[in-house]
Amino acid sequence: MNPNLIEQLKNQLGSNGLPYAIPIHPNLVHLTLGLFIVAIAFDIVGVLFPLEKPIFKFLAIPAIRANFFDVGWYNMLAAAIITFFTVAAGFYEMMLAQPPADIKSAWGLQAMETMLWHGVGGVVLLFFIVVMTVWRGFQRFVWRKDRAQQVQISYLLVGLGIFALMFVHGTLGAQLAAEFGVHISADRLLRLGENPNLVLR
């Protein structure tokens with residue numbers, strides 16, 4: 001990207017260091033997380049359905065096993081699509097970030113290191129989510145289309161492993177906001193020597 005263009009953009013930034021009022025990336029991150037977690041959770045419920053069926057019957061909930069797998073599939077597909085936008089927004093907002101150089105996070109990393117690891121982690125997670133979606137699609141439409149249990153146990157275990165990676169990745173993102181004040185309006189204004197109470201009204 002042209003360095004002059006980046007400088008022109010920086011001149012048009014608001015109090016949060018972005019050309020718009022609310023950062024987009026954190027909102028899309030939570031959408032990605034929600035969709036992925038719901039996808040795996042509903043597939044787990046679908047796998048355990050024979051054990052849960054008496055409970056649903058007792059509670060008079062008209063649950064059908066295939067419906068749980070439908071929710072799992074469509075949420076995983078949506079997670080894969082949304083994550084492309086999540087990562088793109090993250091890299092755009094990372095280019096405009098001006099993190100402090102004199103602070104270390106609770107993990108002992110400086111802001112640029114944290115941002116680098118968070119960026120790499122985002123790409124890795126995007127790759128894993130797309131692979132999981134393809135894997136899920138093959139299970140649904142090819143390998144297990146005629147079976148009552150639509151997903152493999154190995155698929156669910158990998159999904160749970162990705163939860164752990166998401167926790168580490170999310171913690172890095174939280175550190176960028178909470179500890180380094182990246183794209184946080186009040187933090188940025190304080191570093192510029194301005195009073196947030198007067199500017200952010």
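The values are calculated or read from the model by the stated rules, or taken from the named source; none is laboratory data. Being a predicted model, the structure only gives us computed values, none of them experimental. With ideal geometry, Cβ positions are generated from the backbone for all residues, glycine too; neighbour counts draw on all protein chains shown.
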Kindly indicate whether residue 167 is over 16 Å from residue 34 (Cα atoms), aromatic (Phe, Trp, Tyr) and part of a helix (DSSP H, G or I).
no
Kindly list the number of the only condition in (1) closer than 17 Å to residue 28 by Cα; (2) out of contact with any Asp or Glu (no Cβ under 9 Å at 6 or more places or on another chain); (3) surrounded by fewer than 19 Cβ atoms within 10 Å (Cβ to Cβ); (4) of a type in the set (A, V, I, L, M, F, W, C) that fails for residue 166.
(3)
Looking at (1) surrounded by 15 or more Cβ atoms within 10 Å (Cβ to Cβ); (2) of a type in the set (A, V, I, L, M, F, W, C); (3) in contact (Cβ under 8 Å) with a residue 24 or more places away in the chain; (4) under 19 Å from residue 159 (Cβ atoms), which one does residue 45 not meet, given that it meets all the others?
(3)
Show the residue pairs meeting these rules: Cβ distance below 8 Å; 6+ apart or different chains; first residue within the stretch 80-104 and closer than 20 Å to residue 180 by Cβ and in contact (Cβ under 8 Å) with a residue 40 or more places away in the chain; second residue in a loop (DSSP other than H, G, I, E, B) and among the charged types (D, E, K, R).
103/179
Index of the failed condition, residue 100 passing every other in (1) part of a helix (DSSP H, G or I); (2) out of contact with any Leu (no Cβ under 9 Å at 6 or more places or on another chain); (3) under 20 Å from residue 23 (Cα atoms):
(1)
In the set 134, 123, the lone residue that is hydrophobic (A, V, I, L, M, F, W, C), within 30 Å of residue 64 (Cα to Cα), surrounded by fewer than 16 Cβ atoms within 10 Å (Cβ to Cβ) and modelled with pLDDT of 80 or more is 134
Counting only residues that are free of Cβ contacts under 8 Å to residues at least 60 places away in the same chain and within 22 Å of residue 95 (Cβ to Cβ), how many does the stretch 131-170 have?
1
